[in-house]
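Read the structure below first, then the notes.
The values are calculated or read from the model by the stated rules, or taken from the named source; none is laboratory data. What you are looking at is a predicted structure, and each value in this text was computed from that prediction instead of being measured. Cβ: placed from backbone, ideal geometry, glycine included. Neighbour counts: every protein chain shown. In case anyone asks, the SASA skips ligands and DNA or RNA and just uses the protein heavy atoms, side chains included. Shrake-Rupley method; radii C 1.70, N 1.55, O 1.52, S 1.80 Å.
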Amino acid sequence: MSFDDIVDRRGTHCAKWDMMDKLYGVSADDGLAMWVADMDFAPPQCVLDALQARVEHGMFGYFGDDSEYHAAIQWWMKERHGWDIQPEWIFTTHGLVNGAAMCIDAYTQPGDGVVMFTPIYHAFARVINAADRLVVECQMALNDGRYELDFDAWDVQLDGSEKLLLLCSPHNPGGRVWTKAELEGVAAFAKRHDLIIVSDEIHHDLVMPGNTHIPMAKIDGITDRLVMMSATTKTFSIAGAHVGNVIIQDETLRAKFAKRMGALGLSPNAFGLFMATAAYSPEGAKWVDDVMEYIAGNARIFDAGVNAIPGLKAMPLQATYLSWVDFAGTGMSREEVTRRIEKDAQIAANYGPTFGKGGETFMRFNIATQRSRVEDAVARLTKAFSDLQ
């Protein structure tokens, strides 16, 4: 199947398409779903074949012997990211929001501060608040349309009550691929403030051609305070599998996490494990390379179209398939911008303020969809803001 082929997801219990009318007032009949971060592409054939094999077998009991699954993860991390891991480091969670929540539960207490560099993935604040921890928003500097880490300001801001840092690498929603120097700065910052680093690297495979992701685990001197999180779900368009990995090298951190996993009785869904094992393969790798070339083409079209509208500016995308668009230059209120996007353009997109401080004038658009839909979105936005031309 070509990435250009439209798969009708309406009426399939698809959050992205079937919930946008209720949440955004955008009809699935003639609207565009550009909010939830999953792709409108079918997964690679190797994943579909793995599921089909289970269906044909006809038995759906408990999953046992995860050695092949662990070996696939080891192979992928070594081949794609130059990172050597051991099977005993790997915990499988119900996705990475669950993984982040588990880390917060294992390594902090109610009332402790959890640091995030904002704007950042909106689900983090939700789980921090639900766990009765404090959200500590360290707002990034925005210089020439690029996010930068402002450690000097944050050193003054922290008061010692903070215990954990949630890092998004590559960054969602800004699409930054952090440099080695920046990651070393994060490590030094965490040491100064005695923070455990939970590095969410769910987008680590979704890197634009010409950019290279560096796993936080490859930064020296932080093994004793580092928890890594990765998943196949974003990479291979299998978000509904809700399977992710928390990878912990340090024995002390690993023991604490294992204790909480055991106390909560968590175990993974077998279908997710079969899909992940199949995805982490040479065939899966080829598919990722192809899909990122396609998404890069979408980004060029979307950015050019958006940036041609006076007052709109799409942040240059180094990773992810999420375009972060600033509407500050329009001079319009947030309500007016939203009305034009949802009512005039009939596009459902994520609201910038939900990503924390610094997101107030932004909207996030998912461009992991068919090229024709990206071109349609540009035309709709151009028309909705035509009085600015």
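Brief remarks follow.
- Within region 189-216, the set of residues being open to solvent by 40 Å² or more (accessible area, probe 1.4 Å) and either of a type in the set (Val, Ile, Thr) or farther than 19 Å from residue 108 by Cα (or both) comprises 209, 210, 211, 212, 214.
- For region 197-228, filtering for residues that are assigned to a strand (DSSP E or B) and in contact with a Ser or Thr (Cβ under 8 Å, 6 or more places away or on another chain) leaves 5.
- When residue 297 is tested against (1) touching a residue at least 12 places away in the same chain (Cβ under 8 Å); (2) assigned to a loop (DSSP other than H, G, I, E, B); (3) not β-branched (Val, Ile, Thr), just one condition goes unmet, and that condition is (2).
- Scanning region 208-233 for residues that are β-branched (Val, Ile, Thr) and in contact with a helix residue (DSSP H, G or I) (Cβ under 7 Å, 6 or more places away or on another chain) turns up 214, 219, 222, 227, 232, 233.
- Verdict on residue 19 being within 30 Å of residue 133 (Cβ to Cβ), open to solvent by less than 20 Å² (accessible area, probe 1.4 Å) and either of a type outside the set (Val, Ile, Thr) or in contact (Cβ under 8 Å) with a residue 60 or more places away in the chain (or both): no
- Residue in region 113-127 that is of a type in the set (D, E, K, R) and closer than 26 Å to residue 360 by Cα present: yes
- Residue match in region 39-47 (condition: open to solvent by 50 Å² or more (accessible area, probe 1.4 Å) and of a type in the set (Phe, Trp, Tyr)): no
- Condition check for residue 310: open to solvent by 20 Å² or more (accessible area, probe 1.4 Å) and in contact with a helix residue (DSSP H, G or I) (Cβ under 7 Å, 6 or more places away or on another chain): yes
- Those helices (runs of 4 or more DSSP H) lying entirely in region 19-129 with at least 1 residues in contact with a strand residue (DSSP E or B) (Cβ under 8 Å, 6 or more places away or on another chain) and modelled with pLDDT of 95 or more: 20-24, 67-81, 96-107
- Selection of region 133-144 for residues being outside any strand (DSSP E or B) and surrounded by 12 or more Cβ atoms within 10 Å (Cβ to Cβ) yields 133, 140.
- Each residue in region 300-321 was checked for being part of a loop (DSSP other than H, G, I, E, B) and under 18 Å from the mean Cα position of the chain (by Cα), and 6 pass.
- Answer residue from region 56-107, given it is free of Cβ contacts under 8 Å to residues at least 60 places away in the same chain and surrounded by 16 or more Cβ atoms within 10 Å (Cβ to Cβ) and is farthest from residue 209 (Cα to Cα) among those: 101
- Among (1) outside any loop (DSSP other than H, G, I, E, B); (2) modelled with pLDDT under 95 - the single one residue 190 does not satisfy: (2)
- The residue that is nearest to residue 298 (Cα to Cα), among those in region 332-389 that are at pLDDT 95 or above, open to solvent by 50 Å² or more (accessible area, probe 1.4 Å) and part of a loop (DSSP other than H, G, I, E, B), is 361.
- Annotation: of all residues in region 145-160 being at pLDDT 95 or above and part of a strand (DSSP E or B), the one that is least open to solvent (accessible area, probe 1.4 Å) is 147.
- Restricting region 161-175 to residues that are in contact (Cβ under 8 Å) with a residue 60 or more places away in the chain and assigned to a strand (DSSP E or B) leaves a set whose member that is nearest to residue 190 (Cα to Cα) is 164.
- Restricting the first member to region 241-262 and to residues that are within 30 Å of residue 13 (Cα to Cα) and touching a residue at least 60 places away in the same chain (Cβ under 8 Å), and the second to residues that are aromatic (Phe, Trp, Tyr) and not in a helix (DSSP H, G or I), the beta-carbon pairs closer than 9 Å and six or more apart or on different chains are 245/91; 246/91; 261/91.
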